[in-house]
Amino acid sequence: MTKKILVLPGDGIGPEIVEQAVRVIEYLRDDAGLDISISQALVGGAAYDTTGHPLPQATLDQARDADAILLGAVGGPQYEALERGLRPERALLGLRSELHLFSNLRPALMYPALTDASSLKPEVVSGLDIMIVRELTGGIYFGSPRGIRTLDNGQREGFNTLVYNEAEIERIARSAFDIAMKRNRRLCSVDKANVLEVSELWREVVCRVANEYPDVELSHMYVDNAAMQLVREPKQFDVMVTGNMFGDILSDAAAMLTGSIGMLPSASLDTQGKGMYEPIHGSAPDIAGQGIANPLATILSVAMLLRYTLDEAGFADRIEQSVEAVLDDGLRTADISQDSESIGTAAMGDAVLEKLHQSAN
Ligand code: IPM
Ligand code: MG
């Protein structure tokens, strides 16, 4: 059966970087014999401009129908004044929750050729390989009640609710343990159990699930300490699992350890392996349209798509090896270049495709 891939370029640098990733998908379809179809739809500010809504029903329907979604980025300064429900970010949150993409995998991988691009000392980050598993459809992002209300004394008060039930914790814990089993079998669960009841329950449930995975070494860490340990001695971590907001924050920090947020892909999966794949960086409106953005995180997102949804690990390996080979050749976009020498978005796409072609022989 033909697998359906829906491409959502979005805003800012989204269309430019997605264009290069689509070339990789087309290569897989046309030259490598993968049975896939590609379609495109509007999302984020681009969708708002055309339809008046950041996540039009037609896009949501196509997303439900697809096996996998490749998303560029959403958002831009021109949309910041819109009411909350119409902002581009709502599209992202809507897709995550409507498609039940609860398990967000955010790898932070140090490429040997880029060790010098990190702001940390090379010995601290060389060989770094962390997987952050972030719960993506619950927690304070989605908890209710939420809002801004006016108190009797006329003061306004903003409020959100941090809530996790046992089933939600169990399912993300299982997802993280399964991943740990395929890696170095160490899992660190990050919470704030010294202060929050939600974290107390989180820890209890994670410990219960751990009984099913006797081969995985489980540890627990408070989120403030985890933030510190990530910049102090990041190589102590293999897999980390945490809630929605802690994961949002820690994954940005982990990404930067590797030198550039422009390098890192992500996967957001449901229980069936359907997924949405996107670079973890944003829409970078400041450099949009200049052809200088780094397409590698999006191309590496295609590799994750092959690995996690299409079950095509061989092709995923080939894409990852092609990216590594391009970096070893010294090719750099501006964000990862240590000197003034850099190439543009399309040239980086060309280079990866050339390596892909070579690896077929
Ligand atoms: C991310 C982003 C999103 C989030 C925003 C854009 C809603 O920061 O994917 O990490 O907070 O989840
Ligand atoms: Mg974030």
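Throughout, read-outs are computed from the coordinates displayed, never taken from laboratory work. This is a predicted model, so every value here is computed, not measured. With ideal geometry, Cβ positions are generated from the backbone for all residues, glycine too; neighbour counts draw on all protein chains shown.
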How much net charge surrounds Ser322 when only the other residues with a Cβ under 10 Å from the Cβ of Ser322 are counted, with Lys and Arg +1 and Asp and Glu -1?
-> -2
Can you count the Lys pairs in the chain whose Cα atoms are under 23 Å apart, with each pair 8 or more apart or on different chains?
-> 6
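If you stretched the chain out fully between Leu196 and Thr2, how much longer would it get, using 0.36 nm times the residue separation minus the C-alpha to C-alpha distance?
Here the segment from Leu196 to Thr2 would lengthen by 65.2 nm.
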What ranking do 276-285, 73-82 get when scored by the average of other Cβ atoms within 10 Å per residue, highest first?
-> 276-285, 73-82
Neighbour-count ranking [beta-carbon atoms within 10 angstrom, fewest first] of Met221, Met1 = Met1, Met221
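Under the rule of -39500 (n - 2.57) per DSSP H run of 4 or more residues, summed and divided by the residues of the chain, what mean residue ellipticity at 222 nm is obtained, to the nearest 500 deg cm²/dmol? Intermediate values should be presented prior to the final figure.
On the way: 12 runs with 147 residues, N = 361.
After summing the helix terms and dividing by residue count, I get -12500 deg cm²/dmol.
Can you give the alpha-carbon Rg of segment 108-261 over 2.2 N^0.38 Å, where N counts its residues?
Compared with the compact-globule rule of thumb, segment 108-261 sits at 1.17.
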Packing-wise, with mean Cβ within 10 Å as the measure, how do 292-304, 26-38, 141-153 rank, highest first?
-> 292-304, 26-38, 141-153
Checked segment 1-156 against the a/c 1.5 cut and the a/b vs b/c comparison, axes a ≥ b ≥ c from its Cα gyration tensor; verdict oblate
Once Rh is set to the Kirkwood radius over Cα pairs, what Stokes-Einstein translational diffusion coefficient, in µm²/s, holds for the chain at a temperature of 37 °C and a viscosity of 0.692 mPa s?
-> 156
